[in-house]
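Input: a single structure, listed below in structure tokens.
Since every read-out is calculated from the coordinates, none of them should be taken as a lab result. Treat the numbers as computed from the prediction; the structure is a model and nothing was measured. Here the Cβ positions follow ideal geometry from the backbone for every residue, glycine too, while neighbour counts run over all protein chains shown.
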Amino acid sequence: MIRVKDLSFSYTRHPFLENINFTVEKGEIFGFLGPSGAGKSTLQKILTGLITNYKGNAIVNGVECKNHDSNYYENIGVDFEFPSLYDKLTARQNLAFFGSLYSKNLRDIDELLKAVGLFQDGDKKVSDYSKGMKSRLNFIKALLHNPDILFLDEPTSGLDPSNSRVMKDIILEEKRKGKTIILTTHNMVDATELCDRVAFIVDGKLKALDTPHNLIMSKGAAKIKYTYMDEREEIRECYLNQTSEDIKLMELIKNNKLLSIHSLEPTLSDIFVEITGKGLV
Ligand SMILES: Nc1ncnc2c1ncn2[C@@H]1O[C@H](COP(=O)(O)OP(=O)(O)OP(=O)(O)O)[C@@H](O)[C@H]1O
Ligand SMILES: [Mg+2]
């Protein structure tokens, strides 16, 4: 669905995005992960046809992005990092206006508003919306024309946990319908849950690309942590692949004396730091 080959781009004389290569299959949720300023939104702007002076190839649905015509937007939905809505119009008027730009049949506006908990506020002006309400409205705006490819730039950023859950469930529902989704985030928990594959992007370069599971398993052997009662509660750790060599652990198991036992897999955040040498913010 998306093929990026030897892609490079610069806002200035200095190279910024350098030699980016990846493909995204139909029906996949593909994550762009990286710290602030890494180039995630820039990459998304190229794929959505907003930046055209790049080198290499960025092909979306068979179209080289820089050569796109207006038809291109019939089949992609974009949830921009910063909401782009008309403040003086109500939510319903915004959706009706943006919907009128497409020739396709639209989804039911009330159903979309209901899905993100905005039905009751549909006739309120966007200027009276809170930040999270604007984010949710901006998100359903991307779904309005039922596109096959969705570009979502930090859709859950700044949302409370229950609204964030609602958005994630909608994203998973879109995937079930066969949509292809590019998800930009610096939230590793969301990425681990939602993405089939993730690309780590740092300083305009792609540093790793794999499934969250493979990335997590690729580095640092998993450990277990166990506790038992001696004179007081004791805690020990050992590598998961060396449990039989841990005499204390074997003895505790034999005598049913373990108080607790947990496995300690690294998180995607740990792996990100290990691979890129950088944190996520
Ligand atoms: N229009 C522009 N002109 C010049 N430089 C820009 C422009 N837009 C972005 N940049 C620069 O490009 C770099 C990458 O920006 P980008 O928005 O792609 O980062 P990001 O990974 O999306 O970060 P964040 O997580 O903060 O959204 C930054 O250094 C930014 O200052
Ligand atoms: Mg960004």
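Summing Lys and Arg as +1 and Asp and Glu as -1 over all other residues whose Cβ lies under 13 Å from the Cβ of ALA199 gives a net charge of +1.
How do ARG197, ARG176 line up, fewest other C-beta atoms within 10 Å first? Mind dumping the intermediate values first?
Numbers: ARG197 20, ARG176 8.
Neighbour counts put them in this order, fewest first: ARG176, ARG197.
Using just its DSSP H runs of length 4 or more, each adding -39500 (n - 2.57), the chain gives a mean residue ellipticity at 222 nm of -8500 deg cm²/dmol after division by all residues. D by Stokes-Einstein for the range 108-237, Kirkwood Rh over Cα pairs, 37 °C, 0.692 mPa s: 187 µm²/s.
Rg and Dmax over the alpha-carbon atoms of the range 193-281 stand at 17.5, 55 Å. Applied to the range 109-115, the Karplus parametrisation 6.51 cos²θ - 1.76 cosθ + 1.60 on θ = phi - 60° returns per-residue 3J(HN,Hα) values of 4, 4, 4, 5, 4, 4, 4 Hz, with x for Gly and Pro. For LEU150, the residues whose modelled amide H falls within less than 5 Å of its own, excluding neighbours fewer than 5 places apart on the same chain, are GLY77, THR180, ILE181, ILE182. Every Cα-Cα pair in the range 1-158 was counted, and those over 28 Å apart are 26% of them.
Treating the beta-carbon of each Lys and Arg as +1 and of each Asp and Glu as -1, no other charges, what is the dipole magnitude of the range 76-213 about its Cα centre, to the nearest 20 debye? Walk me through the numbers before you get to the answer.
Details: 20 positive and 21 negative charges, 45 e Å.
I would put it at about 220 debye.
Set against the 2.2 N^0.38 Å expectation for a compact globular protein, the range 221-265 has a Cα radius of gyration ratio of 1.07. For the peptides 50-63, 180-193, 21-34, residues were scored by their other Cβ atoms within 10 Å and the scores averaged per peptide; the highest-first order is 180-193, 21-34, 50-63. In this structure, the pairs whose alpha-carbon distance is over 18 Å, taken from LYS104/LYS124; LYS207/LYS278; LYS45/LYS278, are LYS104/LYS124; LYS45/LYS278. Convex hull volume per residue, computed on the Cα atoms of the range 49-93, equals 114 Å³. Compactness of the chain was expressed as the Cα radius of gyration divided by 2.2 N^0.38 Å, which yields 1.22. Considering only C-alpha atoms, what is the centroid distance from the range 153-199 to the range 52-80, in Å? Here the answer is 22 Å between Cα centres. Computed extension gain for SER244 through TYR72, at 0.36 nm per residue and net of the alpha carbon distance, reaches 56.0 nm.
Along the range 16-23 the Karplus relation, 6.51 cos²θ - 1.76 cosθ + 1.60 evaluated at θ = phi - 60°, assigns HN-Hα couplings of 10, 6, 10, 6, 8, 9, 6, 10 Hz to successive residues, with x for each Gly and Pro.
Applying both filters, DSSP loop and at most 12 other Cβ atoms within 10 Å, to the trypsin sites (Lys or Arg not before Pro) of the range 61-160 gives LYS88, LYS104.
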